[in-house]
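Nothing in this text is a laboratory measurement; each read-out follows from the coordinates by a stated rule. Since the structure is predicted, the reported quantities are computational estimates derived from the model, not experimental observations. Every residue, glycine among them, receives a Cβ derived from its backbone with ideal geometry; neighbour counts consider all protein chains shown.
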């Protein structure tokens, strides 16, 4: 960056910040409630594991075909070039599609028995982000899972923690977008990053930092003089000041630009794609230990109702899997060999739970008349790795077509749901997922993991079998 001549030249504009990344939609949809009035849930109190400092959630946004991937089933439409192999872990996988992922499956536990309440993308992706069905009467006050994590971990933040607790990449490209904090304060919002834009200008030279500090000193003086009037402007102004203060600390932290350096070797290993860069940046952010603990990586585009295996189509599963395979495998490999700054003797994978899944599966059997696969919610898989997960395990079982669940893979007869994945992430971070918040704007109690599903009460347990 050249030496700036003016303060305006030295600081990112609002447009720049929106290009690099932004808060979740509207920052918050309703006035933030703080402090929370918490109560025990009506069910049995949970005992969180607290086995992870971080969670990375990789979303197949649009839904990967389970029967052509991690719950592979031979079917009339299986392409001839899949090169299906049985890996040492016992899972059958199209090796031609997943050559890099095949090499790290000994670190991954596959759960093949998930069921979703939803079967359309917007509602399904809302469900993934919030851990509950959409209820339009209360949707404005429902926070994203990452915002709940940010609120829960707020008391654990250290003075040197400047990174947002909740970061995401490309959520803006999903059907539901980046959801708000609901009843939580706006400072618990996601900071959603555009990975390509974020590489273009995170670093500031010393002159720019000095000018930012001078501008901040002047702004703080003006605010102090005008404090009585500002106090009358309400929580919206408090939210704005929180955002300004966080941005100031972040821009002047030398670890932030370091986290956004991706080498040519990284691009080659992770795949020079948006999701590949996102995974490399997620690794970098956690390696800096700057306060980020929940990272949501959105990999959009998996909705192929037509031409799902057509190489000539502009978008198809061959293309999307070729983006996922090097990105996910490199992420797991690098987390496993990157030392933790916070915990001597541990690697990042030891203290990071990695989860990868879509919002539902795709229709099993032969492809449809458009040579694609439609939405399918009765069963679909999820991948888990890190933080003590027993790699190489295959949990749950579907029938020969991948259409029905025959074995749930955990201690309940009911199939696990997205609620249970959320409970598993909360538990790993040491969060009691049975908590209730009593002082929501509507007055309706908010349970971290809601036991009331689409057709009555559902188990809200964590998926403990991923640990052996």
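Once the piece of chain linking residue 264 and residue 136 is laid out straight, how much longer is it, given 0.36 nm per residue of separation minus the C-alpha distance between them? If you can, show how the numbers build up before the last one.
Numbers: separation 128, 0.36 × 128 = 46.08 nm, distance 4.60 nm.
That works out to 41.5 nm of additional length.
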Taking a ≥ b ≥ c as the square roots of the eigenvalues of the Cα gyration tensor, with a/c under 1.5 meaning rounded and otherwise prolate when a/b exceeds b/c and oblate if not, region 30-148 is prolate
Using packing as a proxy for protection, rank 335-341, 424-430 so that the peptide with the highest average count of other Cβ atoms within 10 Å comes first. 424-430, 335-341
Calculate, in nm to one decimal, what residue 37 and residue 400 gain on full extension: separation in residues at 0.36 nm each, minus their alpha carbon distance. 125.8 nm
Under a plain spin-label model, where a point goes 7 Å from the Cα along Cα-to-Cβ, how far apart in nm are residue 272 and residue 366? 4.2
Would you mind classifying region 331-468 by shape? Square roots of the alpha carbon gyration tensor eigenvalues, ordered a ≥ b ≥ c; an a/c under 1.5 is rounded, otherwise it is prolate if a/b is larger than b/c and oblate if not. oblate
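How long is the gain from residue 175 to residue 103 if the chain were fully straight, where each residue apart is worth 0.36 nm and the alpha carbon distance is subtracted?
On the way: separation 72, 0.36 × 72 = 25.92 nm, distance 3.17 nm.
Once the chain is fully extended between residue 175 and residue 103, it gains 22.7 nm.
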So, with points 7 Å from each Cα along the Cβ direction, the residue 252-residue 157 label distance in nm works out to 1.6
May I ask you to sort 138, 380, 163 by Cβ crowding, counting other Cβ atoms within 10 Å and putting the fewest first? 138, 163, 380
Under the 7 Å Cα-to-Cβ spin-label approximation, residue 199 and residue 341 lie apart by a distance in nanometres of 2.2
If we count other beta carbons within 10 Å of each Cβ, what is the order of 115, 132, 249, 362, fewest first? 249, 115, 132, 362
Name the shape class, rounded, prolate or oblate, that the alpha-carbon gyration tensor gives for region 314-407, where a ≥ b ≥ c are the square roots of its eigenvalues, rounded holds for a/c under 1.5, and otherwise prolate holds if a/b is larger than b/c and oblate otherwise. oblate
Using alpha carbon centers only, region 409-468 is separated from region 321-372 by a whole-angstrom value of 22
Taking R0 as 35 Å, what's the FRET efficiency between residue 414 and residue 319 from their Cβ-Cβ distance, rounded to 0.05? 0.45
Residue exposure sequence - 294, 467 - by fewest surrounding Cβ within 10 Å: 467, 294
